[in-house]
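The values are calculated or read from the model by the stated rules, or taken from the named source; none is laboratory data. Everything quoted here is computed from the prediction, not taken from an experiment. Ideal geometry is used to build each Cβ from the backbone, glycine not excepted, and the neighbour counts take in all protein chains shown.
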2 protein chains.
Amino acid sequence: MSAQDTQTPAVVVRDVSLRDGLQNIARVLPTETKLEWLQGLYDAGFRELEVGSFVPPKLVPQLADTAQIVAAARKLPGLHVSVLIPNLKGATLALEQGVDLMLLPLSASHAHSLANLRKAPDDVVQEVGRIRAEMDAAGTKTALEVGISTAFGCTIQGKVEPQEVLRLVKAVLDAGADQVSLADTVGYADPRQIRSMFEQVREVAGERLVCGHFHDTRGLGLANVMAALDTGIHRFDACVAGIGGCPHAPGASGNVNAEDLVYLMHSMGLSTGIDFDRLLALRARITQWLEGECFQGAIWKAGLPKTMLAEPATAGAAAA
Amino acid sequence: MSAQDTQTPAVVVRDVSLRDGLQNIARVLPTETKLEWLQGLYDAGFRELEVGSFVPPKLVPQLADTAQIVAAARKLPGLHVSVLIPNLKGATLALEQGVDLMLLPLSASHAHSLANLRKAPDDVVQEVGRIRAEMDAAGTKTALEVGISTAFGCTIQGKVEPQEVLRLVKAVLDAGADQVSLADTVGYADPRQIRSMFEQVREVAGERLVCGHFHDTRGLGLANVMAALDTGIHRFDACVAGIGGCPHAPGASGNVNAEDLVYLMHSMGLSTGIDFDRLLALRARITQWLEGECFQGAIWKAGLPKTMLAEPATAGAAAA
């Protein structure tokens with residue numbers, strides 16, 4: 001592991017399975033299992049993880065033990081720990097727990113925003129300002145990322161105007177967000193749309209546009225990753241075993257599969273710091289823990305090409 | 001159908017399910033079913049189809065009725081009919097049947113070439129010359145395409161050198177092939193490799209490089225399509241329901257899924273001339289005819305995004 005620990009990966013795969021994945025699966029896993037899951041991700045080489053959310057346990061009982069998961073995650077050396085927060089109250093809890101990053105979703109779709117957060121987009125912008133004020137008052141090192149969700153279309157509203165996405169990106173940065181990401185929450189995006197939107201947002205946000213969050217609902221997940229990579233994005237959310245989704249966005253099943261994403265990057269010589277065999281071993285355990293749920297992915301079935309078996313898939317030296 | 005009949009599609013999807021698809025499925029479908037399949041493809045708007053192969057029926061009994069399928073296909077107005085041929089003998093049969101295009105596979109992998117065609121690559125180049133001579137003697141309008149298979153790696157041999165691919169492309173064009181295509185027969189290719197190889201072959205072959213043939217074995221099929229599209233390729237092989245493979249290349253399951261490919265193009269505003277609803281209806285019938293076999297694809301489950309339901313997916317006017 002020493003080689004991958006000491007080198008900066010060319011592409012960061014931020015696993016969100018403990019949040020976006022489990023949030024969309026009805027069953028509640030024991031905390032002990034989630035801690036094994038967390039350790040498995042860490043041992044596979046992930047160094048950025050979204051491990052839960054500080055939403056009311058009544059709404060998302062699957063993530064009620066987020067504080068315990070965060071406490072364990074903070075003990076893992078070099079791990080960058082993030083949680084989802086829906087509002088100021090969640091931010092207060094997250095700051096108390098000392099996470100590295102809080103991710104606040106803001107739906108560019110007005111209709112989805114009301115369904116998911118019970119607030120209009122501009123109310124969420126106001127909340128960003130309040131969270132920023134609390135962060136400044138506390139003098140925290142925690143960072144705030146606003147994830148612009150349904151940035152490429154919405155199952156409820158349909159089309160989402162790019163100009164609205166750009167307006168909201170500018171507004172949340174002005175209100176005090178440290179960074180932004182773009183999410184295809186419902187799997188509507190196509191590669192040209194991805195390229196165009198990331199390029200436009202880059203003009204507004206510069207290097208503060210840090211991540212792409214894609215769902216593979218319609219098979220375009222990795223094509224969309226490639227399109228964003230071409231615009232200079234080097235961080236992508238993904239879920240081991242391709243679990244995940246959003247309960248308030250019908251049909252939004254399946255984050256981009258982490259194994260396939262890691263394979264894609266390694267196949268192009270882009271390092272991720274992730275040990276492929278350990279990742280596949282974790283996938284196998286997860287499919288046991290979640291037996292009966294839906295899983296996605298291709299590489300776990302087919303195996304690595306013969307052309308990639310000669311050298312270790314984690315070779316950091318291969319980074320472009 | 002009139003709008004799509006009178007316009008040139010931005011991207012040609014060449015369905016190969018009646019050849020590459022059925023070749024890799026053990027059961028032998030009745031000719032009558034295959035004729036329904038053919039008609040279904042035509043009715044969905046496909047205008048280029050690979051409908052069989054002239055190989056000895058003893059080797060591929062599934063395609064023994066190719067002459068009957070070709071005869072029916074030739075009666076469909078405006079349909080460009082192609083068949084696979086393994087050698088001069090196959091070419092003679094294909095020319096007798098009056099196909100529009102003969103596709104001769106040439107493995108850039110020496111090991112795969114011996115396993116698949118029982119000839120070394122340079123012996124196949126010689127065969128191209130003999131086929132060209134027969135074509136010229138007959139004064140045929142039929143064209144000859146050489147598909148460079150295992151162009152991105154091989155399950156038997158492993159790495160395939162790009163220089164070997166380039167050498168063979170030049171050799172078959174010199175020997176009389178009208179056009180060439182590049183095939184990732186075993187699903188080893190990644191988008192950067194695709195981009196690099198198509199750009200290099202373009203320098204040798206120019207506009208005679210006409211098609212990309214990709215398998216989705218490891219989930220990168222559509223990402224690879226995008227990479228080739230970026231280099232100027234506007235014709236892709238695909239299989240309805242994602243069936244297909246190569247019996248001599250272990251693990252080479254699944255051509256790129258035609259429905260997902262058509263969806264990808266339509267989502268970007270690139271016309272294909274294909275009616276999406278008819279395509280999905282055909283998929284449903286195929287999965288009945290081949291009940292129990294493996295199928296691939298995402299869009300048939302998720303359905304079109306709300307953003308694409310307002311206007312017909314076949315709109316030729318949306319072509320870029």
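For residue A:192, are the conditions met, namely being within 23 Å of residue A:229 (Cβ to Cβ), surrounded by fewer than 22 Cβ atoms within 10 Å (Cβ to Cβ) and within 14 Å of chain B (Cβ to nearest Cβ)? Yes: the conditions hold for residue A:192. All of (1) within 19 Å of residue B:170 (Cα to Cα); (2) touching a Leu at 6+ places or on another chain (Cβ under 7 Å); (3) charged (D, E, K, R) hold for residue B:50 with one exception: (1).
Residues are listed down the side, and each one gets a yes or a no for (1) touching a Pro at 6+ places or on another chain (Cβ under 7 Å); (2) at negative phi; (3) surrounded by fewer than 24 Cβ atoms within 10 Å (Cβ to Cβ):
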position: B:174; (1), (2), (3): no, yes, yes
position: B:182; (1), (2), (3): no, yes, no
position: B:187; (1), (2), (3): no, no, no
position: B:199; (1), (2), (3): no, yes, yes
position: B:205; (1), (2), (3): no, yes, yes
position: B:211; (1), (2), (3): no, yes, yes
position: B:227; (1), (2), (3): yes, yes, no
position: B:233; (1), (2), (3): no, yes, yes
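Within the range A:69-85, none of the residues are in contact with a His (Cβ under 8 Å, 6 or more places away or on another chain), touching a residue at least 60 places away in the same chain (Cβ under 8 Å) and assigned to a loop (DSSP other than H, G, I, E, B). Looking only at the range B:114-153, residues that are within 12 Å of residue B:185 (Cα to Cα) and either at pLDDT below 95 or hydroxyl-bearing (Ser, Thr, Tyr) (or both) come to 3 in all. Checking the range B:110-117 against the condition returns a match, with at least one residue being surrounded by 14 or more Cβ atoms within 10 Å (Cβ to Cβ) and within 14 Å of chain A (Cβ to nearest Cβ). Close Cβ contacts (under 7 Å, 6 or more residues apart or on different chains) running from residues in the range A:221-242 that are in a helix (DSSP H, G or I) to residues that are hydroxyl-bearing (Ser, Thr, Tyr) comprise A:240/A:17; A:241/A:287.
Yes or no, residue by residue, for (1) farther than 30 Å from residue B:263 by Cβ; (2) assigned to a helix (DSSP H, G or I); (3) among the acidic types (Asp, Glu); (4) in contact with a strand residue (DSSP E or B) (Cβ under 6 Å, 6 or more places away or on another chain):
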residue: B:18; (1), (2), (3), (4): no, yes, no, yes
residue: B:52; (1), (2), (3), (4): no, no, no, yes
residue: B:90; (1), (2), (3), (4): yes, yes, no, no
residue: B:95; (1), (2), (3), (4): yes, yes, no, no
residue: B:113; (1), (2), (3), (4): yes, yes, no, yes
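Being under 28 Å from residue A:300 (Cβ atoms) and either within 14 Å of chain A (Cβ to nearest Cβ) or modelled with pLDDT under 95 (or both), is that true of even one residue in the range B:170-182? Scanning the range B:170-182 turns up no residue that is under 28 Å from residue A:300 (Cβ atoms) and either within 14 Å of chain A (Cβ to nearest Cβ) or modelled with pLDDT under 95 (or both). In the range A:195-244, the residue that is nearest to the other protein chains (Cβ to nearest Cβ) out of those that are at pLDDT below 95 and under 19 Å from residue A:103 (Cβ atoms) is A:215. With respect to the stated conditions, residue B:187 is within 14 Å of chain A (Cβ to nearest Cβ) and either within 15 Å of residue B:24 (Cβ to Cβ) or not in a helix (DSSP H, G or I) (or both). The residues of the range A:125-136 that are among the aliphatic types (A, V, I, L, M) and under 13 Å from residue A:91 (Cα atoms), listed by number, are A:128, A:131, A:133, A:135.
Restricting the range B:290-320 to residues that are more than 14 Å from chain A (Cβ to nearest Cβ) and within 17 Å of residue B:257 (Cβ to Cβ), the residue that is modelled with the highest pLDDT is B:290.
Contact annotation: residue pairs with Cβ atoms under 7 Å, 6 or more positions apart or on different chains, pairing a residue in the range B:188-209 that is of a type in the set (Gly, Ala, Ser) with a partner that is part of a helix (DSSP H, G or I), are B:189/B:224; B:205/B:169; B:205/B:173. When restricted to residues that are assigned to a helix (DSSP H, G or I) and at the interface with chain B (Cβ under 7 Å from one of its Cβ atoms), the range A:260-289 contains 4. Only one of (1) of a type in the set (A, V, I, L, M, F, W, C); (2) farther than 24 Å from residue B:259 by Cβ; (3) at pLDDT below 95 is not met by residue B:64, so which one is it? All conditions pass for residue B:64, except number (3). Can you say whether residue B:159 is of a type in the set (D, E, K, R) and within 14 Å of another protein chain (Cβ to nearest Cβ), as far as the supplied structure shows? For residue B:159, the condition - of a type in the set (D, E, K, R) and within 14 Å of another protein chain (Cβ to nearest Cβ) - is met. Note on the range B:129-164: residues that are assigned to a helix (DSSP H, G or I) and surrounded by 23 or more Cβ atoms within 10 Å (Cβ to Cβ) total 1. The single residue among B:95, B:29, B:18 that is without any contact (Cβ under 8 Å) to a residue 60 or more places away in the chain, surrounded by fewer than 23 Cβ atoms within 10 Å (Cβ to Cβ) and farther than 21 Å from residue B:234 by Cβ turns out to be B:95.
The set of residues in the range A:247-284 that are surrounded by 24 or more Cβ atoms within 10 Å (Cβ to Cβ), at pLDDT below 95 and more than 18 Å from residue B:219 (Cα to Cα) comprises A:249, A:252.
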